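Structure first, then comments.
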Amino acid sequence: MQKNYLVTLLTSLLVIGACSNKTTTSNSTKQQIRYRIQAGANKGGITENTNLKLVEGASIDAYSGATRTGINVGARAIIPLKRNSIETGLDYMHNNQTFTYSDVTNGYEGTRKVNLSQIMLPVTYSIPLFRKRLEGGLFQVKLGYLAQINIYGIKSSNATLRKYSTKSFTNGFTVGISSTPITLGSGLKLGFYIDGYRGTQAYEDFYNRSEFETAGTSFMKYGIILEF
């Protein structure tokens, strides 16, 4: 079902792109598809459960998670849609997380290190702001859908850390803001982006169960854009 949804989404996107391209060539030389490459840092990935009151017999320090700052790169296409646009592309994000277990009552002790790489497909509706100051808007506010393919590397320090499960596909809602105010010449522009995301659960164990509301996926990422 998820695969069928992605196929439908990509097909719709191609139709939108074709229609927008026809509008571009026939009505206005300004309405052209723009391309961006971007790179930066991020915080996030697996969002762990922080409410240990939901776990039977667990003390307040029985389980905790820590996430290192990771890296992300991406390539985007900005497809005109009347006064606004559709932004899509392909992103890669990597981060390392450490889950620490110190729960004698339930028999979980040790650490579990998660090396997580995510290939991501965002599809967002982009609204330019302050058009009079800069063609295409001084800022672009974006909101929409993001799909993730998850690739894991997991190492546990103790055999008492019993079973866990992971999901290779997650998805959810994304919002962001971007700007390319610096003109470099030859059609190149330089700017920045800030993106946030919240989505479905990728990792499950005794402390991160599907019925717990806080468990899921999320990130905040930011960096530099080169537009051409």
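The values are calculated or read from the model by the stated rules, or taken from the named source; none is laboratory data. The shown structure was predicted, so the numbers you read here are calculated from the model rather than taken from an experiment. In this analysis, Cβ positions are derived from the backbone assuming ideal geometry, glycine residues included, and neighbour counts consider all displayed protein chains. The protein model used for the area step is the full one, side chains on, heavy atoms only, and it has no ligands, DNA or RNA in it. Shrake-Rupley method; radii C 1.70, N 1.55, O 1.52, S 1.80 Å.
Below are the figures for this structure:
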read-out	value
Top-ranked residue in segment 55-84 [being within 16 Å of the chain's Cα centre (by Cα) and either part of a strand (DSSP E or B) or aliphatic (A, V, I, L, M) (or both); ranked as farthest from residue 129 (Cα to Cα)]	67
Residue count for segment 201-228, restricted to those that are free of Cβ contacts under 8 Å to residues at least 60 places away in the same chain, under 23 Å from residue 93 (Cα atoms) and either of a type in the set (Lys, Arg) or exposed (fewer than 15 other Cβ atoms within 10 Å of the Cβ) (or both)	0
Criterion: β-branched (Val, Ile, Thr), touching a strand residue (DSSP E or B) at 6+ places or on another chain (Cβ under 6 Å) and at pLDDT below 95 - qualifying residue of 29, 47, 11	47
Count - residues of segment 49-84 that are in contact (Cβ under 8 Å) with a residue 40 or more places away in the chain, open to solvent by less than 60 Å² (accessible area, probe 1.4 Å) and among the β-branched types (Val, Ile, Thr)	3
